[in-house]
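> One structure, pasted below without further comment.
The values are calculated or read from the model by the stated rules, or taken from the named source; none is laboratory data. Just so we're clear, the structure is a prediction, and the values are computed from it rather than from any experiment. Reconstructed Cβ throughout: ideal geometry from the backbone, glycine too, with neighbour counts over all protein chains shown.
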Amino acid sequence: MNCRSLQRVGLLLVGLSTVSAVQAAGLADLRATQNVTAEELRARDDCLLWVDFADAAAEGLRFAPGPDEGALTPTTGRWPGQKATRIFHGNLMREAIHVPDSGFTLCCWLRVNDLEKVDRLGHNRIAGGVMAVGSGYYNGWRLLVVPATSALTFELGRPEIGARRVSSAGHLTKGDWHHVAVTWNHETLAMWIDGKLRAETVVTMAYNPGPGAPWLRIGECGSGLGVLDFEIADLGIFSSDAALHASSRRSDPTRKTPPAKTPTVDSSPRCSPSRAAMIPRCSGSPCLGLACALCRRGQRRCGGAPPQGYGHARAG
């Protein structure tokens, strides 16, 4: 998706997300529109997975409670009649969905409640996983949240050198439902929150499925991430970035959000260029706002070695 296409989609999303759209339609009409859009997405030829969480087992998902005996709690989503699931400890699992050569779109409704700041091994954590295939750092991909900064991050794993990522802070507030979408066409990695383009970056790497990454895990992701208490609804994964046009119609038109700024190359935080020049191997890559603090402590690779709590342990 080139810059001109992104601008066109952005204008469409802003129009679809206005409060006037809700004022013009009753709640029943709004619910009906959401249901129709969900069916359109489910029926797309490029739909790899659609989970409405009314019956996750019917979508091939099984729940693994984990050592802390987690549980799934049925909840209500953003819209009347929308089914959601609350996950805290354990995870929903199914056969892995890897990024195809044709492209990738991930979209869902997400509400973050809290983060278990000290895990069962006694490690302090600042980021919690929503879903992952593989470790998401050395292979596969993962979606994670830093509740303290309302940051949402999507990562693509790279062997030995760590992930490429796109990240947006300040827009994923705790306790509120948000519609999130991530697209990658093997050139541009972009993130949308509540129908607005919040971050994008150029990523032309090859996707690395890696060995030993057989599962899609929704919930407790491991690989150095903490345990997130969150709710999820209407999860869709597609084999192209074209699904964004339809999924964007599911963004919340009642939410008053700041206008989206068109990102230049990457809207996520980077190391200071002057500081980067002083520290050997400081990559200056996006790092969830941790980079400058790491540079001040003299870490050798701020972009690839965040501190404990945002670890990168290998995992299948």
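> Hey, among the residues in region 151-198 that are of a type in the set (Lys, Arg) and out of contact with any Pro (no Cβ under 6 Å at 6 or more places or on another chain), which one's farthest from Gly134 (Cα to Cα)?
Once the filter is applied, the top-ranked residue is Lys196.
> Another question about this same structure. For region 98-113, which residues satisfy the criterion of being out of contact with any helix residue (DSSP H, G or I) (no Cβ under 7 Å at 6 or more places or on another chain) and either within 16 Å of Leu143 (Cβ to Cβ) or surrounded by fewer than 19 Cβ atoms within 10 Å (Cβ to Cβ) (or both)?
Across region 98-113, the qualifying residues are His98, Val99, Pro100, Asp101, Ser102, Phe104, Leu106, Cys108, Trp109, Leu110, Arg111, Asn113.
> Tell me which of these Asp176 doesn't satisfy, since it passes every other one: (1) in contact with a Lys or Arg (Cβ under 7 Å, 6 or more places away or on another chain); (2) at negative phi; (3) crowded, with 20+ Cβ neighbours inside 10 Å.
Asp176 satisfies all of (1) in contact with a Lys or Arg (Cβ under 7 Å, 6 or more places away or on another chain); (2) at negative phi; (3) crowded, with 20+ Cβ neighbours inside 10 Å except (3).
> Further question: Does Phe104 satisfy the condition of being more than 25 Å from Ala190 (Cβ to Cβ) and either aromatic (Phe, Trp, Tyr) or outside the structural domain of Gly134 (by TED's automatic domain parsing) (or both)?
In short, no.
> Hey, Ile232 hits all of (1) over 25 Å from Gln34 (Cα atoms); (2) assigned to a strand (DSSP E or B); (3) among the aliphatic types (A, V, I, L, M) but one; which does it fall short on?
Result: Ile232 passes all but (1).
Rundown of residues vs (1) of a type in the set (Gly, Ala, Ser); (2) exposed (fewer than 14 other Cβ atoms within 10 Å of the Cβ); (3) modelled with pLDDT under 85, yes/no style:
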site: Ser20; (1), (2), (3): yes, yes, yes
site: Asp29; (1), (2), (3): no, yes, yes
site: Leu41; (1), (2), (3): no, no, no
site: Leu48; (1), (2), (3): no, no, no
site: Phe53; (1), (2), (3): no, no, no
site: Gly60; (1), (2), (3): yes, yes, no
site: Phe63; (1), (2), (3): no, no, no
site: Thr73; (1), (2), (3): no, yes, no
site: Arg78; (1), (2), (3): no, no, no
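> Taking interchain pairs and intrachain pairs at least six residues apart, which have beta carbon atoms under 7 angstrom, with the first residue in region 207-223 and assigned by TED's automatic domain parsing to the domain that holds Asp68 and over 20 Å from Leu92 (Cβ atoms) and the second among the β-branched types (Val, Ile, Thr) and crowded, with 19+ Cβ neighbours inside 10 Å?
If the second residue must be among the β-branched types (Val, Ile, Thr) and crowded, with 19+ Cβ neighbours inside 10 Å, the pairs left are Tyr207/Val99.
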